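**Q** Below are the structure tokens for one structure; questions will follow.
The values are calculated or read from the model by the stated rules, or taken from the named source; none is laboratory data. What you see is a predicted model, and the numbers here were worked out from it, not measured in a lab. All Cβ positions, glycine included, derive from the backbone under ideal geometry; neighbour counts span all protein chains shown.
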Amino acid sequence: MSHSRLPHQRRSRRYSLLIRCCLLLVTVLISLGITTPSIGQYSVSAIGTVDVVPPEFQLGQELYLENCATCHIPIPPSVLPRQTWQQILQDSQHYGTQIEPLVDPARLLVWNYLRHFSRSMTVAEEGIPF
């Protein structure tokens, strides 16, 4: 190895080390929450979901997740139309399993959350999907 390449290799190693240190620092800062980005007035770490849920629907969301996530993955409200959610909340037969339906006021809180974030049915003739 020639002596003329030695300083260049040292600079490359120093540059590589500097890059790695910077990446490590950024990773540590992100994990500590120091550089957590925010959406409007809500921080991403405080949201817990992709969609920002306004405070008036947060208890309904919590009750929905608490009741549904014990048996299966709770699907996002927008997957099903409002009419389906309305039937699901009132029916004790839940996909072949007998369940205890929610009672008021918890049912109303969950319904308000689901109604606000669910989709409307596109074609009335298609029937209510499950």
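**Q** Write out, first by first residue and then by second, each pair whose Cβ atoms fall under 6 Å of each other, whose residues are 6+ apart or on separate chains, and whose first residue, in region 83-110, is at positive phi and surrounded by 15 or more Cβ atoms within 10 Å (Cβ to Cβ) while the second is at pLDDT below 80 and outside any strand (DSSP E or B).
**A** Qualifying pairs under 6 Å: none.
**Q** What are the residues in region 111-130 that are part of a helix (DSSP H, G or I) and either surrounded by fewer than 14 Cβ atoms within 10 Å (Cβ to Cβ) or modelled with pLDDT under 65 (or both), if any?
**A** 124, 125, 126
**Q** Any residue that is touching a Pro at 6+ places or on another chain (Cβ under 6 Å) and at pLDDT 85 or above - is there at least one of those in region 27-50?
**A** Checked against the condition, which is being touching a Pro at 6+ places or on another chain (Cβ under 6 Å) and at pLDDT 85 or above, region 27-50 yields no hits at all.
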